[in-house]
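Below: the structure, in structure tokens.
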Amino acid sequence: MIEVDNQSDLNIPINTLKHITQTLTDKSVDLLVTDNRQIQEINREYRSIDKPTDVLSFPFDDLPMAPLGSIVISSDYVKAVSAELKHSEDDELCLLYIHGLLHLLGYDHEVDDGEMRMKEQELIETFDLPKSLIIRTQEN
């Protein structure tokens with residue numbers, strides 16, 4: 001269900017990520033956990049934004065048997081934000097994964113009327129996680 005390429009020293013809460021994925025889709029997801037340097041390279045190459053970011057999503061074509069897409073998460077962001085907000089790295093990784101997965105499913109908080117935020121909130125409550133990425137961004 002999830003193909004993980006962990007290029008960091010983070011623990012990957014794979015069972016929780018599988019449960020989150022199964023809650024939303026029956027398609028598989030590729031997950032790359034890497035550092036700021038590599039995510040910046042990916043961001044520059046695919047989005048023409050030359051800076052690191054916390055999470056990227058790359059949906060695949062909707063074909064039978066094809067994965068839903070790929071999610072890339074920065075371990076550096078996971079560590080920094082979890083320390084700053086005083087919650088676990090596992091929780092932060094799950095929040096970023098949820099955010100990326102919702103983007104793969106077609107949600108877009110930049111143009112929708114709050115649907116992605118509501119879906120994130122629902123998942124946060126289901127999995128007993130701290131505030132979502134969208135909610136934190138809106139508070140700043």
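The values are calculated or read from the model by the stated rules, or taken from the named source; none is laboratory data. Note that the coordinates shown come from a computational prediction; the quantities given were computed from them, not determined experimentally. Please note: Cβ atoms are built from the backbone with ideal geometry, for glycine as well, and neighbour counts cover all protein chains shown. Protein only, heavy atoms only, side chains kept; ligands, DNA and RNA dropped before computing areas. Shrake-Rupley method; radii C 1.70, N 1.55, O 1.52, S 1.80 Å.
Within region 58-90, the set of residues being surrounded by fewer than 19 Cβ atoms within 10 Å (Cβ to Cβ), assigned to a strand (DSSP E or B) and of a type in the set (A, V, I, L, M) is empty.
Looking only at region 43-53, decide whether some residue is at positive phi and aliphatic (A, V, I, L, M). No: region 43-53 contains no residue that is at positive phi and aliphatic (A, V, I, L, M). In region 20-34, what residues are in a helix (DSSP H, G or I), surrounded by 15 or more Cβ atoms within 10 Å (Cβ to Cβ) and out of contact with any strand residue (DSSP E or B) (no Cβ under 8 Å at 6 or more places or on another chain)? Result: 20, 24.
A Cβ distance below 8 Å, combined with a sequence gap of six or more or placement on separate chains, defines the contacts here; from region 1-13, residues that are β-branched (Val, Ile, Thr) reach no residue that is open to solvent by 100 Å² or more (accessible area, probe 1.4 Å). Filter region 35-57 for residues that are free of Cβ contacts under 8 Å to residues at least 24 places away in the same chain and either among the polar types (S, T, N, Q) or open to solvent by less than 50 Å² (accessible area, probe 1.4 Å) (or both) and give the result. Answer for region 35-57, where residues must be free of Cβ contacts under 8 Å to residues at least 24 places away in the same chain and either among the polar types (S, T, N, Q) or open to solvent by less than 50 Å² (accessible area, probe 1.4 Å) (or both): 40, 43, 48.
Report yes if some residue within region 11-19 is in a loop (DSSP other than H, G, I, E, B), open to solvent by 40 Å² or more (accessible area, probe 1.4 Å) and not β-branched (Val, Ile, Thr); otherwise report no. Among the residues of region 11-19, at least one is in a loop (DSSP other than H, G, I, E, B), open to solvent by 40 Å² or more (accessible area, probe 1.4 Å) and not β-branched (Val, Ile, Thr), which makes the answer yes. Residue 60 falls short on exactly one of the conditions (1) touching a Gly at 6+ places or on another chain (Cβ under 7 Å); (2) at positive phi, and that condition is (2).
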